[in-house]
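The values are calculated or read from the model by the stated rules, or taken from the named source; none is laboratory data. Keep in mind that what you see is a predicted model, and the values were worked out from it rather than measured.
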Amino acid sequence: MASKKRRAWKAFRVDSKGRLRFMFHPHQGTTVVPFGVWLKTKARWVRNPGKRRGKAFRSGFHCFLNKQRMATFKKVTKKEYLVLPVWVRGLRPKPRTIVNAYLAQELYVPRRRRDD
C-alpha cells in the first residue's frame, strides 16, 4: 500500500500472562499482538461484537488520531486498557462512532520506543 504512514494511538488489552492483545476482533486467527511488523487487515465486512443485527462495516484496526480522543474513549468504556502510540496507513473514519475512532488498513506496533 502506498499511503503515507501516520502516528495514531491504539488501546490494547493485557492478558494474565502480560501479553498484549487486540480488543475486538482477532487478526489472522489470534488476538496476540505482534511487534515490529506491519499488519494488514483482510478486506471483509464485520459487525461490532454483541451486535449481530447492527450494520456491517469494512474491517480495520481501531485507532485514534490524537490523545484527547483516546481519553474520551477511555472515559466512555470505563475499562483499563493499555494505550500505545502506533503507526497506521490507509485511514478512514469508523462509521457510527461516538468517540471519533478511525479504522486503519495497516498497523505497526513498535517493538520499543526506538522504532518510533
Please verify whether region 39-61 includes one or more residues that are at pLDDT 90 or above, in a loop (DSSP other than H, G, I, E, B) and within 13 Å of the chain's Cα centre (by Cα). no
It is to be established whether one or more residues within region 4-13 are in a loop (DSSP other than H, G, I, E, B), modelled with pLDDT under 90 and charged (D, E, K, R). no
